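Here is the structure we will look at.
The values are calculated or read from the model by the stated rules, or taken from the named source; none is laboratory data. Bear in mind that the values here come from a model prediction, so they are computed numbers and not experimental data. Ideal geometry is used to build each Cβ from the backbone, glycine not excepted, and the neighbour counts take in all protein chains shown.
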Amino acid sequence: MIYVTVGTMFLDFPRLIRKMDEIAGKTGELIVIQTGLGTTFPQNCDHFNFKPREVVLELQSRARVIVCHAGIGSVMDALRARRPAIVVPRLKKFNEHMNDHQLDVAKAVQARGWGRMILDIDDLDQACALTPPVPEKYSPATARLVSGVRDAIERVAAKPR
């Protein structure tokens with residue numbers, strides 16, 4: 001199964017949804033798409049607008065590959081699921097976002113070896129067939145963040161009043 005997420009943006013992402021629908025029609029593979037607030041719906045894929053987080057995480061855990069927009073939350077979820085990630089940034093020129101900040105996120109994902117960035121939607125067929133490897137070096141920075149906050153609190157608490 002391929003899991004696809006477009007995130008919570010109010011703008012539609014028809015370029016990604018239509019291409020994944022085409023892939024499902026050609027391959028017969030089950031593709032589940034989170035369509036968000038968009039108005040483009042696939043014919044050959046299961047789809048939903050939103051589901052509870054635990055349901056989404058369970059779907060991701062069963063996916064052969066996760067195809068996502070380049071929203072940082074979606075990218076982090078794919079990395080935590082330890083599934084191959086294909087990142088398709090929403091682009092301003094296609095009226096998918098207000099600016100191209102997702103391009104920076106997608107480039108960072110690819111540069112770190114965390115997944116593959118797709119700019120030309122016609123490359124998505126091959127990317128889904130030949131998925132990138134699951135990143136071995138990814139670990140969430142949560143522990144470092146919590147440790148840093150804890151250290152700062154302890155330093156402040158230890159200061160004489």
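For the stretch 18-67, which positions are over 23 Å from residue 129 (Cα atoms) and in contact with a Pro (Cβ under 8 Å, 6 or more places away or on another chain)?
38, 40
When you go through (1) touching a residue at least 24 places away in the same chain (Cβ under 8 Å); (2) closer than 27 Å to residue 111 by Cα; (3) small (Gly, Ala, Ser) one by one for residue 61, which number turns out not to apply?
Only one criterion is unmet by residue 61, namely (1).
With respect to residue 17, is the statement that it is crowded, with 21+ Cβ neighbours inside 10 Å and touching a helix residue (DSSP H, G or I) at 6+ places or on another chain (Cβ under 8 Å) true?
no
Do we find a residue being modelled with pLDDT of 95 or more, in contact with a Leu (Cβ under 8 Å, 6 or more places away or on another chain) and not basic (Lys, Arg) anywhere in the stretch 51-59?
Looking through the stretch 51-59, none of the residues is modelled with pLDDT of 95 or more, in contact with a Leu (Cβ under 8 Å, 6 or more places away or on another chain) and not basic (Lys, Arg).
Inside the stretch 44-131, counting only helices (runs of 4 or more DSSP H) that do not spill past its ends, which hold 1 or more residues that are touching a strand residue (DSSP E or B) at 6+ places or on another chain (Cβ under 9 Å), among the charged types (D, E, K, R) and more than 19 Å from residue 9 (Cα to Cα)?
Hits in the stretch 44-131: 53-62, 101-111.
Here is a list: 64, 53, 82, 90. Which entry is at positive phi and not hydroxyl-bearing (Ser, Thr, Tyr)?
Testing whether each residue is at positive phi and not hydroxyl-bearing (Ser, Thr, Tyr) leaves just 82.
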